[in-house]
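Asks: Take a look at this one; I'll ask things after.
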Amino acid sequence: MIKNTDTLRKAIQALLKHKTEIADFSRNLFEFMNTKKGELTLENLQKILLLDIQSRGRALLSTKECKEIIREFNSKMDIVEIKRKEGKDKFNYIYEQLISINQIGPKIAAVFMKNMVYHLGICHELVDSLYMPVDRHIRKIFIEKLRVFDDKDVPHPSESFKTKKNQRFQKALSDIYKPRVDIDLFWFVGNMFCNKRIACHLCWIRDLCKEPYFKGENLDI
């Protein structure tokens, strides 16, 4: 499935060198939301969900839409049930509750669970079950920029984590690096350097890019 494992490994290692910088960027957002690290509370989960849908969603939602999502979230997410369940059962419960909410798909569900573990510092047993969120940035980097996957092998953002295609994709990532959710670092590159803000000369994986917007240190097209 992976067309060039060496390129993907090198890109992952290059990004891991900047893991602290990326974590600091995210931590500032969570501090702004006044989340309380280490606490599994409905209020904490509400805050990370709002941050996730506004920072990683395809489009910014209105205040009315956000309130409706939180109302539905409150009615479906049971903190007692999360604490009671273990391992895969806990993962499946959180995932299924999230994707049953209007405007919450597999991508936001993945980001939410990742932030529960990495930024709230709770439910650490979920780490190995977490899957890498797939969005347009990930698809562009993997398919067009690094050319490590064919288009047909990379799931779309709306595609369930449980499809055979997504399961094969996630397993391929796990075979390269564990925990695979860390490979979400590519999202930061896509969003900061390869989006509306084109900054090839600053990109941490520019030497591996097969299709840069600019070539050379002088940004010659």
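Asks: Of the peptides 28-40, 102-114, how do they stack up when ordered by the mean number of other Cβ atoms within 10 Å, highest first? Before the final figure, lay out each step's value.
Replies: Numbers: 28-40: 13.2, 102-114: 21.2.
Packing proxy ranking, top to bottom: 102-114, 28-40.
Asks: Next question, about the same structure. In debye to the nearest 20, how big a dipole does segment 27-129 give about its Cα centre with +1 on each Lys and Arg Cβ and -1 on each Asp and Glu Cβ? Before the final figure, lay out the partial values.
Replies: Details: 17 positive and 14 negative charges, 46 e Å.
Roughly 220 debye, rounded to the nearest 20.
Asks: Kindly write out, for segment 79-89 in residue order, the coupling ³J(HN,Hα) from the Karplus curve 6.51 cos²θ - 1.76 cosθ + 1.60 (θ = phi - 60°), rounded to whole Hz, with x marking Gly and Pro.
Replies: So the Karplus estimates, Gly and Pro as x, are 4, 4, 5, 4, 5, 6, 6, 10, x, 4, 5 Hz.
Asks: Considering only the other residues whose Cβ falls under 9 Å of the Cβ of P133, what net charge follows from Lys and Arg at +1 and Asp and Glu at -1?
Replies: +1
Asks: May I pose another question? Longer than 19 Å from Cα to Cα, which of K88/K114; K145/K165; K90/K164; K47/K107; K140/K196 are they? Say none if no pair is. Show your work: numbers first, answer last.
Replies: Values: K88/K114 15 Å; K145/K165 21 Å; K90/K164 21 Å; K47/K107 17 Å; K140/K196 13 Å.
Listed pairs above 19 Å: K145/K165; K90/K164.
Asks: Let me ask something additional. For the chain, what is the charge dipole size about the Cα centre, in debye to the nearest 20, if Lys and Arg each add +1 at the Cβ and Asp and Glu each add -1 at the Cβ?
Replies: Working: 40 positive and 30 negative charges, 65 e Å.
Charge dipole, the chain, about its Cα centre: 320 debye, nearest 20.
Asks: If you don't mind, another one. Please turn the phi angles of segment 36-42 into ³J(HN,Hα) values with the Karplus equation 6.51 cos²θ - 1.76 cosθ + 1.60 (θ = phi - 60°), one per residue in order, whole Hz, x for glycine and proline.
Replies: 10, 4, x, 10, 8, 10, 5
Asks: What shape does the chain take by its C-alpha gyration tensor, where a ≥ b ≥ c are the square roots of the eigenvalues and a/c under 1.5 counts as rounded, a/b above b/c as prolate, and the rest as oblate?
Replies: Working: a/c = 1.88, a/b = 1.57, b/c = 1.20.
Verdict is prolate for the chain.
Asks: Quick one: compute the contact order of the chain, relative version, from alpha carbon pairs under 8 angstrom and 6+ residues apart, as a percent.
Replies: Working: 245 pairs, mean separation 53.1, N = 221.
So the answer I get is 24 percent.
Here, each number is a calculation from the coordinates, and none is a lab measurement. None of the values given here were measured: they were computed from a predicted structure. Every residue, glycine as well, gets a Cβ built from its backbone with ideal geometry; the counts of neighbours run over all protein chains shown.
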